Amino acid sequence: MAEEPTTTTLVTPEKLPSPSLTPPEVSESTQDALPTETETLEKVTETNPPETADTTTKPEEETAAEHHPPTVTETETASTEKQEVKDEASQKEVAEEKKSMIPQNLGSFKEESSKLSDLSNSEKNSLDELKHLVREALDNHQFTNTPEEVKIWGIPLLEDDRSDVVLLKFLRAREFKVKDSFAMLKNTIKWRKEFKIDELVEEDLVDDLDKVVFMHGHDREGHPVCYNVYGEFQNKELYNKTFSDEEKRKHFLRTRIQFLERSIRKLDFSSGGVSTIFQVNDMKNSPGLGKKELRSATKQAVELLQDNYPEFVFKQAFINVPWWYLVFYTVIGPFMTPRSKSKLVFAGPSRSAETLFKYISPEQVPVQYGGLSVDPCDCNPDFSLEDSASEITVKPGTKQTVEIIIYEKCVLVWEIRVTGWEVSYKAEFVPEEKDAYTVVIQKPRKMRPSDEPVLTHSFKVNELGKVLLTVDNPTSKKKKLVYRFNVKPL
């Protein structure tokens, strides 16, 4: 017996407005008839499909309503393709991940508010005490031998709108123990002077690590995302160029500190601003702990970060995690505080994209990690980080159809991907006129894991109708479908 279709309707504007803009107006009668959108994509956004034209509408009202965004419907039905058995590689991947028991997360964590008004009375008292100690130290030139203004990350220690947020980082790193926080602050200022941080920020250092560490996009809460790709060090030439002797390791450390300093100075240290970073650590093909030069440089870098850059990590996501890293974590885990553990998230190869999407929208995730965002150096004239994407889970043995109803002549451009593919994909245009022929945009195509990760299509619509994007999942694994589209009126 055929499975009963499940239908979801969304109304998607051609381009979502920025959060600061007022949403489109909705008529009361239509708004009452439609539910609101939820994370499960079962309801409707505030923008509505065009209603039937009213012959009594005034000319100026007709002009304002000329451009109509398309309506999107998502329908799930049973797969029409023969059910496939998991291939040997997939079975092995899943078995290995289960065997290693990779933890998804290690406890809940809610980031402390950076709003000064949210501090408890005891926290406010601690902040006042620390500010008093800092004032005394500045007056007595304890930080420097000269009366010059002392800054950290470009922000004065006192009498700046951002100063309190900076001091709060040191307090939280030492559990609001004022004397310990002040000692940490003094040591950090001393280290920054010895390391000549302010001069380092302005230096023109040369390295080949653009693919090893880079910033890309923001998470769902607005934190900038930093990617660390350790597998790049499998390149022997790059590895030797970076770690082969002490001088090269020092240069590596200076380039990483410079990168971090420049990234931190772009954060918002105002009360309530975003002053932390989301870290993604890609462990795929990582050289591991056997490389003593890498181990030594990493240890030194971690110590410097812990001592001099408090409370700058919102969350640490480890993706493509291999078995050996879990062994390493088992060793260091007992020495970590529950709060530090709660910031960690782990995902094996088969769940890396799904895990990232929990925290980062697909349009913000780089293509190589399952998202739609291309490298800033590449050109994507049709889409940007601001063009939102939709996600659908395609269950095993089901077929998902995205129906985009067009109300005006236009060029429709869309991107679509299924992480790991192993599905069949087709696209067609169905005119509204009953006797018109269906136009095949993309014949049914079996997509393999080795195929291009993202498909981009465009179609010129000269008559009213709908574009159907169909993904058929004959496998026994659920799949994540991601798509987005833009409309260019003719």
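For residue 423, the accessible area of its heavy atoms, probed at 1.4 Å with every protein chain present, is near 10 square angstrom. Largest accessible area first, the residues 237, 311, 199 order themselves as 237, 199, 311 under a 1.4 Å probe with ligands, DNA and RNA left out.
Take the Cα of residue 247, go 7 Å toward its beta carbon, and the backbone nitrogen atoms of segment 275-308 under 20 Å from that spot belong to 293-294, 297. Taking a cut-off of 22 Å between Cα atoms, list the lysines near residue 399, but don't count ones fewer than 8 places away on the same chain. Once the sequence-local lysines are set aside, what remains near residue 399 is 43, 82, 86, 426, 443, 446, 466, 477, 478, 479, 480. Stretching residue 271 away from residue 136 to a fully extended chain increases their span by 46.2 nm, per 0.36 nm per residue minus the current alpha-carbon distance. Heavy-atom accessible surface of residue 149, to the nearest 10 Å², is about 120 Å², with a 1.4 Å probe and all protein chains retained. Compactness of segment 399-464, taken as the C-alpha radius of gyration over 2.2 N^0.38 Å, stands at 1.23.
Suppose accessible area is computed on protein heavy atoms with a 1.4 Å probe; arrange 184, 215 from highest to lowest.
On the way: 184 10, 215 65 Å².
Highest to lowest solvent-accessible surface, that is 215, 184.
Each principal axis of the Cα cloud of segment 204-360 was taken in turn, and the coordinate range along them, longest first, works out to 44, 38, 29 Å.
For 407, 227, give me the order by solvent-accessible area with a 1.4 Å probe, most accessible first, ignoring ligands, DNA and RNA. Present the calculation step by step, with values, prior to reporting the outcome.
Details: 407 70, 227 0 Å².
The ranking, largest first, comes out as 407, 227.
Among the trypsin sites (Lys or Arg not before Pro) in segment 266-347, those placed in a DSSP loop whose Cβ has at most 10 other Cβ atoms within 10 Å are 266.
Of all DSSP-defined beta bridges confined to segment 204-360, some 20% are antiparallel rather than parallel.
Just to confirm the filter: which chymotrypsin sites (Phe, Trp or Tyr not before Pro) across segment 411-442 are DSSP coil and have at most 12 other Cβ within 10 angstrom of their Cβ?
437
Taking label points 7 Å from Cα along the Cα-to-Cβ direction, residue 395 and residue 78 give a separation of 1.3 nm. Extent along the principal axes, Cα only, for segment 133-207: 40, 27, 24 Å, with the longest axis given first.
The mean of 1/r over all distinct Cα pairs in segment 286-417, once inverted, gives the Kirkwood hydrodynamic radius of 18.7 Å.
Counting other Cβ atoms within 10 Å of each Cβ, which chymotrypsin sites (Phe, Trp or Tyr not before Pro) in segment 358-403 have at most 14 and sit in a DSSP loop? Don't skip to the end; give the middle numbers.
Working: sites: 359, 369, 383; in loops: 383.
Nothing satisfies the criteria.
Placing a label point 7 Å from the Cα of residue 296 along the Cα-to-Cβ direction, the residues of segment 248-264 whose backbone N falls under 15 Å from that point are 248-253.
The values are calculated or read from the model by the stated rules, or taken from the named source; none is laboratory data. Predicted, not measured: the structure shown is a model, and the values here were computed from it. No Cβ is skipped: glycine too gets one built from the backbone with ideal geometry, and neighbour counts run over all protein chains shown. The accessibility values were calculated without ligands, DNA or RNA, using every heavy atom of the protein model including side chains. Shrake-Rupley method; radii C 1.70, N 1.55, O 1.52, S 1.80 Å.
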